[in-house]
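Participant: Shown below is the structure under consideration.
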Amino acid sequence: MATRPLPVYKTELDFYEALRRREERAYQFLYAHVFPSFQHWVLTNNGSEMDAEDAFQKGLLNFLLNIETGKYQFQPEARITTVAFEYCKRVWLTELKSARLRHRGTLPDHLELIDTADVEKDLERLDIVSAVQQSLHQMKDICRKLLDWFYVEEVSLREIAERLNMKEESVKSKRYQCAEKLKAFYRQTTNHQRL
Amino acid sequence: MKLTEDQYELIEAYLKNELSAPDRASFETDIQSDAALLAEVGRQRDLRLGLRALGIQHVLEQARTNYKTALPAAEPAPKRLAVFRTFAAWPSWVAAASVVVVLGVGYYAYQQTAGRQTDLAYNEAFRSDSDLMKGFPAETVPAETRITFLDAFKNYKAGKYDRVIEQLKTLPTDKQTIHYKNYLLGLSYLANHQPTESIPLLTKAQETPSPELHRKAEWFLALAYVKTNQKEQAVPILNRISTNKANPFQSLAQRVLQKIQ
């Protein structure tokens, strides 16, 4: 149950590992400790509450994806909440810069100097995520559930077999067929969007 | 390019870094000489990334919902009355009217304060049920119903309580799932800020033979009473929970009792 108080991690490494394992309570801890100060920062830098939430979600998604894929490795000298804040901050700066380009406005010097190239690359990844999401929605229910369980919720093939009352070997073949269908939808989506 | 099942599994193993060094080297040689295979590897990598991101988004969304639920309701404090004349200087009918007004405002302020106390207690104690499988009669439920429930669990975890309510309201009732259905429906109404609707469902859910489900239904029913400011209903349940050492909600119930009494 998620009814105990938020965890207090003994070390930053414990916290990092909990995030890497996608532990819900670690996410809650990160949210509760970073969002209030980030929201304040966005509000004082030309943003609204909605801007803050949007940039925060994107920034954390990038950060957590980088943790899971190993692109961000644990750094003993850096506090995780500070790094997460920085990711979100750069997302908002990227938005401000692109808005400035659209409206030919200027940014204050202290914001202009921050390099957001890395974040822009990370944000491009979110287009892939969105295309996969769209493709998944085009799948039939059984395939969508199977892929969702296996890849999103990381349920084992054995457990999926139990849930669907099928043999594990049949589930494995079904997963292959569903993944190939998903790939076909994804190919169509990305061709359409020219990703 | 249409992959065979073996090719698909090979790419999966490659992307998960599960190939031995010689197999990995050999596969990388194949990729370099086959543009179509290289494109398939890229696409499969994208799908894995996208699906992984969806998993993260689900948990992130849940964290956001929990964060917002835990925020205390921002209500304005009752306005204080400004005293601008001495009582003795007022005509008697004004004094009498003032007493009525002061008592009325005092009662209003008391009601507001009491309401705020229960709100604060509720906001501090309410957390989503993150172990929905506990008390779910998975063994006895037909596969089709089980899939509907698993989908409802997913929606609940994503904070889509409206969707769960819609799913469960139209789900035919059967003997195996009736108590669990009442529980999850009641819990979803409560999480969806509809505590009044949750009360009859959570009350019925307590008829379950499963002790785990009974404990959860009882706890969330107490919270629904707290949320609707029905202290006289909430207190006996909270007393029962807070004096039972085996109840996982014991310490939370004690804290809620301290706040509302």
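The values are calculated or read from the model by the stated rules, or taken from the named source; none is laboratory data. If you're wondering where the values come from, they're calculated on a predicted model, not measured in any experiment. Here Cβ is always computed from backbone atoms with ideal geometry, including for glycine, and neighbour counts include all displayed protein chains. The accessibility values were calculated without ligands, DNA or RNA, using every heavy atom of the protein model including side chains. Shrake-Rupley method; radii C 1.70, N 1.55, O 1.52, S 1.80 Å.
Participant: Quick check: with the 1.4 Å probe, what order do A:ILE142, B:ILE241 take by accessible area, largest first?
Facilitator: Sorted descending by solvent-accessible area, the residues read A:ILE142, B:ILE241.
Participant: Of the trypsin sites (Lys or Arg not before Pro) in the range A:138-195, which ones lie in a loop per DSSP and count no more than 11 other C-beta atoms within 10 Å?
Facilitator: A:LYS140, A:LYS167, A:ARG194
Participant: So if I place +1 on the C-beta of Lys and Arg and -1 on the C-beta of Asp and Glu, and nothing else carries charge, what would the dipole magnitude of the range A:138-195 be about its Cα centre? I want it in debye, nearest 20.
Facilitator: 340 debye
Participant: If you don't mind, another one. Find the relative contact order for chain A and round it to a whole percent, using C-alpha pairs within less than 8 Å whose residues are 6+ positions apart.
Facilitator: 16 percent
Participant: For the B and A pair, go ahead and give the buried accessible area with a 1.4 Å probe, both sides summed, in Å² to 100.
Facilitator: 4800 Å²
Participant: Could you give each residue of the range B:168-175 its phi-based ³J(HN,Hα) in whole Hz, using Karplus coefficients 6.51, -1.76, 1.60 with θ = phi - 60°, and x for Gly or Pro?
Facilitator: The phi angles translate into 6, 5, 9, 6, x, 7, 9, 4 Hz.
Participant: Can I ask one more? How big is the dipole moment of the range B:5-70 about its Cα centre under a simple scheme where the beta carbon of each Lys and Arg is +1, that of each Asp and Glu is -1, and everything else is neutral? Debye, nearest 20, please.
Facilitator: 700 debye
Participant: Would you mind checking A:LYS174/B:LYS216; A:LYS97/B:LYS16; A:LYS167/B:LYS157; A:LYS140/B:LYS204; A:LYS58/A:LYS97 for any pair whose Cα atoms are more than 25 angstrom apart?
Facilitator: Flagged as over cut-off: A:LYS174/B:LYS216; A:LYS97/B:LYS16; A:LYS167/B:LYS157; A:LYS140/B:LYS204.
Participant: Right, here's the next one. Can you classify the range B:5-70 as rounded, prolate or oblate using the Cα gyration tensor, where a ≥ b ≥ c are the square roots of its eigenvalues, rounded means a/c under 1.5, and otherwise it's prolate if a/b beats b/c and oblate if not?
Facilitator: In terms of gyration-tensor shape, prolate.
Participant: Between beta-carbons, use under 11 Å as the cut-off and find the net charge around A:LEU123, counting Lys and Arg +1, Asp and Glu -1.
Facilitator: Residues near A:LEU123 contribute -2 overall.
Participant: On full extension of the chain, what length is gained from B:ARG45 through B:LYS259, given 0.36 nm per residue of separation minus the C-alpha to C-alpha distance?
Facilitator: Extending this stretch completely gives an extra 71.9 nm.
Participant: Next question, about the same structure. Rounded if a/c is under 1.5, else prolate if a/b is larger than b/c, else oblate: which is the range A:138-195, with a ≥ b ≥ c the root eigenvalues of its Cα gyration tensor?
Facilitator: Prolate is the answer for the range A:138-195, as a/c is 1.5 or above and a/b outweighs b/c.
Participant: Next question, about the same structure. How large is the charge dipole for chain A, taken about the Cα centre, if only the Cβ atoms of Lys, Arg (+1) and Asp, Glu (-1) carry charge, to the nearest 20 debye?
Facilitator: Once rounded to the nearest 20, the dipole reads 780 debye.
Participant: Also: Once the whole set of protein chains is in place, how much accessible area is left on B:TYR67, using a 1.4 Å probe, in Å² to the nearest 10?
Facilitator: B:TYR67 has an accessible surface of roughly 40 Å² with all protein chains in place.
Participant: Tell me the angle of helix A:49-69 to the major Cα principal axis of chain A, expressed in degrees between 0 and 90 and rounded to the nearest ten.
Facilitator: The angle comes out at about 60 degrees.
Participant: Once you order the gyration tensor axes a ≥ b ≥ c over the Cα atoms, which shape class does chain A get: rounded for a/c under 1.5, otherwise prolate or oblate by comparing a/b with b/c?
Facilitator: Oblate, because a/c is 1.5 or more while a/b does not exceed b/c.
Participant: Which percent of the accessible area of the range B:5-70 is formed by carbon and sulfur heavy atoms (probe 1.4 angstrom)?
Facilitator: Summing carbon and sulfur atoms, their accessible area is 48 percent of the total for the range B:5-70.
Participant: For the range B:127-260, what does the convex hull of the Cα positions come to per residue, in cubic angstrom?
Facilitator: 99 Å³
Participant: Working from Cα positions, state the angle (0 to 90°, nearest 10) between the long axis of helix A:24-43 and the longest principal axis of chain A.
Facilitator: In chain A, helix A:24-43 runs at an angle near 30 degrees to the longest axis.
Participant: Let me ask you something else. Divide by every residue of chain A the summed helix terms, -39500 (n - 2.57) for each DSSP H run of at least 4, and state the resulting mean residue ellipticity at 222 nm, rounded to the nearest 500 deg cm²/dmol.
Facilitator: Calculated from helices alone, the mean residue ellipticity at 222 nm is -23500 deg cm²/dmol.
Participant: Towards the positive end of the charge dipole of chain A, with charges on Cβ (+1 Lys, Arg; -1 Asp, Glu), say which of A:VAL91, A:HIS192, A:PHE74 has the farthest Cα.
Facilitator: A:HIS192
Participant: Largest first, what is the accessible-area ranking of A:MET139, A:MET50 with a 1.4 Å probe?
Facilitator: A:MET50, A:MET139
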